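For reference, the structure discussed in these notes is given below.
The values are calculated or read from the model by the stated rules, or taken from the named source; none is laboratory data. For clarity, every value in this text was computed on a predicted model and none was experimentally measured. Note: ideal-geometry Cβ built from the backbone for every residue, glycine included; neighbour counts use all protein chains shown.
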Amino acid sequence: MKNIQIKASSFFELLKMKDTSMWEIFAQMIDGEEKEIIFLDDEEKILFNYFLPDNIEKLDEDRKQFAEEYAGKLSGLN
C-alpha cells in the first residue's frame, strides 16, 4: 500500500480554485492499488487519513457515506 501525504490547506485551496471536488481527484488516483492518503496541517501534523480504495464502486460508497455523515453533523449544529 502506498502512503500519500497531502497538505490539507493547499489541497482544499486548489480544489476551490479548480472548482472540483476531492472525490473527482480521488477517482483519478485509483489505479487498482489501495492507498493511504494522509492529510497534514501546515506544521506537518496529521489531521486525518483516508484509505483510497482500489476501485470506483467502493469510492462511490465512501462518498455516499461521507455525505450522509456530513449532513448529520450539519443538522446537529442547528
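Considering region 32-41 alone, what residues qualify as being modelled with pLDDT of 95 or more and either farther than 13 Å from Lys7 by Cβ or not in a strand (DSSP E or B) (or both)? Listed by number, the residues that qualify are Lys35, Glu36, Asp41. Screening Ala71 on (1) more than 13 Å from the chain's Cα centre (by Cα); (2) among the hydrophobic types (A, V, I, L, M, F, W, C); (3) at pLDDT 95 or above shows it passes everything except condition (3).
Among residues of region 28-43 that are over 15 Å from Asp62 (Cα atoms) and free of Cβ contacts under 8 Å to residues at least 24 places away in the same chain, those with a Cβ under 8 angstrom from a residue that is of a type in the set (S, T, N, Q) and outside any helix (DSSP H, G or I), sequence gap 6+ or separate chain, pair up as Gly32/Asn55.
Pairing residues of region 54-78 that are within 19 Å of Glu33 (Cβ to Cβ) with residues that are of a type in the set (Asp, Glu) and at pLDDT 85 or above, at Cβ distances under 7 Å and at least 6 apart in sequence or on separate chains, gives Asp54/Glu33; Asp54/Glu34. In the set (1) part of a loop (DSSP other than H, G, I, E, B); (2) in contact with a helix residue (DSSP H, G or I) (Cβ under 7 Å, 6 or more places away or on another chain); (3) not β-branched (Val, Ile, Thr), the condition left unmet by Trp23 is number (1). Of the set (1) of a type in the set (A, V, I, L, M, F, W, C); (2) touching a strand residue (DSSP E or B) at 6+ places or on another chain (Cβ under 9 Å); (3) surrounded by 14 or more Cβ atoms within 10 Å (Cβ to Cβ), all apply to Leu47 but (3).
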